[in-house]
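What follows is a short report on a single structure.
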Amino acid sequence: MTPLIDDFLSFLDDSPSPHHAAANAAQRLEDAGYTRVDETAEPKTLAAGSRHFVQRGSSVVAFRMGTGAPVEHGFRIAAAHTDSPNLRIKPNPLIRSNGYIRLGVETYGGVLLATWADRDLGFAGAVTVRTATGTESRLLDIREPMCRIPNVAIHLNRGVNDKGLILNKQTHMPALFTLSDDENEDPFTALLADRLDVEQADIVAWDLGLYDLTPPAVGGLHNEFLYSARLDNLASTHAGLAALLTSDDTDTPTSTAVLGLFDHEEVGSQSSTGAKGRLLEDVLDRIVRDAEEQAPGGQQRAIASSFIVSADMAHAIHPAYADLHDPMHMPKIGLGPVIKQNVNQRYTTNNDTAARFLGLCEAAGVPSQWFVTRSDLACGSTVGPMISSNLGIESVDVGNPMLSMHSAREMCGTADHAMMVGALTELFKGT
Ligand SMILES: [Zn+2]
């Protein structure tokens, strides 16, 4: 296994929630010499070649200043998302019946419900606790098989293999947590308090999601596959980070490199930290305003020479469902990054931006493939259209091919990851 894949597996394993993914991204950036921007403080001059990042909750935007004025040389932007569909624990989660306690959950994003059944589930995210001076948000990862969503036996559901496993989000998805007939105890907040080392009464609120405890793994006869939860879209998040940090080792280009990692893509990106919000725009404004290297023209001039690569996972051809793809656009695992096009603008790719990405692949010496959804099927979307339309910056939508998208455990190709890192490294090397 290569150091890159080792690092990818660690990142996946260490990031069971978007809160953890953002914290791990921030940690890697700090370790590589990026300084955290305090958005409440007076702004400082941003020296040519200096490296910084802004974190708002579970979203992070990192940037490396180019040697030229940003106004004159623009931004090379890569964007991805930190969130994945999962099951989030409700504020009043305890459902007592038949001697069991289950935890009520909300589905977050487009969950492939049946894949959550019969898995050993932990939960992770952020918990707000009361302190002597107010409240504070703490990361929490309960990496133990605390929960389970049990299938009903086939003897009691004889038609399941013909009709499919149909699960109701409200009644079937609550997760079995414990056995109890005591109406007065609250074992859930007691557990949180114990693990966070605070009083039970000081647990105020949480954003906690269930996750499958099976660690990420490389598999297949020749280790050509990679199996994990959250590949959509921690794969692109990790590829963006790896590319930015790799490109730091080359001569600093004149253009400014920007990596945006956003939460809430799976639910439409409309939030204070999502790709539809102000976060990226605010960071670009800061760069133009505070850059040491200045030139006339302001933000609009910077925008005119900027480019976005929006990276999110793509649908590989499924051997048992090949007719769900357009026969001329069937991305294959192992054959490199996929350029996603949709003329109805669900993806931002156009002929010019596709050509630019093809140029990056060529410079990196990696192959590429095309994806267009079947003309009679609805097309997905991602952060690209939001960012590109907000800012008026030309953009291309790309992503590595994968199977089992939105399953509790997904799969992609091992070789494709290094290829995407290669193409994005070329983007950040800029001009
Ligand atoms: Zn995605």
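The values are calculated or read from the model by the stated rules, or taken from the named source; none is laboratory data. Remember, it's a predicted structure, so these values are computed and weren't measured experimentally. Cβ atoms come from the backbone with ideal geometry, glycine included; neighbour counts cover every protein chain shown. These area figures cover heavy atoms from the full protein model, side chains too; ligands, DNA and RNA do not enter into them. Shrake-Rupley method; radii C 1.70, N 1.55, O 1.52, S 1.80 Å.
Structure data summary
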item: Test: Val105 is touching a Phe, Trp or Tyr at 6+ places or on another chain (Cβ under 6 Å) and either crowded, with 24+ Cβ neighbours inside 10 Å or not assigned by TED's automatic domain parsing to the domain that holds Gln27 (or both); result: no
item: Of residues in segment 164-185 being over 33 Å from the mean Cα position of the chain (by Cα) and of a type outside the set (Ser, Thr, Tyr), the one surrounded by the most Cβ atoms within 10 Å (Cβ to Cβ); result: Glu185
item: Residue satisfying condition, being surrounded by fewer than 21 Cβ atoms within 10 Å (Cβ to Cβ) and either not assigned by TED's automatic domain parsing to the domain that holds Ala243 or not hydrophobic (A, V, I, L, M, F, W, C) (or both), within set Asn350, Asn400; result: Asn350
item: Filtered residue count, segment 192-249, keeping only those that are farther than 21 Å from Ala126 by Cβ and open to solvent by 50 Å² or more (accessible area, probe 1.4 Å); result: 10
item: Unique match (being of a type outside the set (A, V, I, L, M), without any contact (Cβ under 8 Å) to a residue 24 or more places away in the chain and not in a strand (DSSP E or B)) among Asp83, Asp118, Asp38; result: Asp38
item: The one condition in (1) over 27 Å from Thr40 (Cα atoms); (2) more than 14 Å from the ligand (Cβ to nearest atom); (3) basic (Lys, Arg) that Arg230 fails to fulfil; result: (2)
item: Residue count, segment 48-73 (criterion: away from the ligand (no atom under 16 Å from the Cβ), open to solvent by less than 20 Å² (accessible area, probe 1.4 Å) and of a type in the set (Gly, Ala, Ser)); result: 4
item: Segment 269-281: number of residues that are open to solvent by 30 Å² or more (accessible area, probe 1.4 Å), within 16 Å of the ligand (Cβ to nearest atom) and not charged (D, E, K, R); result: 2
item: Test result for Ala275, within 20 Å of Ala23 (Cα to Cα), touching a strand residue (DSSP E or B) at 6+ places or on another chain (Cβ under 9 Å) and part of a helix (DSSP H, G or I); result: no
item: Sole exception among (1) within 13 Å of the ligand (Cβ to nearest atom); (2) open to solvent by 50 Å² or more (accessible area, probe 1.4 Å) for Gly384, by number; result: (2)
item: Residue that is most open to solvent (accessible area, probe 1.4 Å), among those in segment 1-30 that are within 16 Å of Val54 (Cα to Cα) and free of Cβ contacts under 8 Å to residues at least 40 places away in the same chain; result: Gln27
item: Candidates Ala304, Ala320, filtered to the one that is touching a residue at least 60 places away in the same chain (Cβ under 8 Å) and either more than 25 Å from His81 (Cα to Cα) or surrounded by 13 or more Cβ atoms within 10 Å (Cβ to Cβ) (or both); result: Ala304
item: Count of segment 369-381 residues which are open to solvent by 60 Å² or more (accessible area, probe 1.4 Å) and of a type in the set (Phe, Trp, Tyr); result: 1
item: Test: residue in segment 77-91 that is in contact with a Gly (Cβ under 9 Å, 6 or more places away or on another chain) and among the hydroxyl-bearing types (Ser, Thr, Tyr); result: yes
item: Number of positions in segment 79-102 that are crowded, with 24+ Cβ neighbours inside 10 Å and within 16 Å of the ligand (Cβ to nearest atom); result: 7
item: Conditions (1) open to solvent by less than 20 Å² (accessible area, probe 1.4 Å); (2) at pLDDT 95 or above; (3) β-branched (Val, Ile, Thr); number of the one not met by Val366; result: (1)
item: Arg76 of a type in the set (D, E, K, R), in the same structural domain as Thr273 (by TED's automatic domain parsing), part of a strand (DSSP E or B) and buried (at least 19 other Cβ atoms within 10 Å of the Cβ); result: yes
item: Residue within segment 145-157 that is among the aliphatic types (A, V, I, L, M) and surrounded by 13 or more Cβ atoms within 10 Å (Cβ to Cβ) present; result: yes
item: Test: residue in segment 114-136 that is within 30 Å of Cys379 (Cβ to Cβ) and among the polar types (S, T, N, Q); result: yes
item: Residue count for segment 309-349, restricted to those that are part of a loop (DSSP other than H, G, I, E, B) and among the β-branched types (Val, Ile, Thr); result: 5
item: Residue within segment 125-141 that is loosely packed, with under 15 Cβ neighbours inside 10 Å, free of Cβ contacts under 8 Å to residues at least 12 places away in the same chain and not in a strand (DSSP E or B) present; result: yes
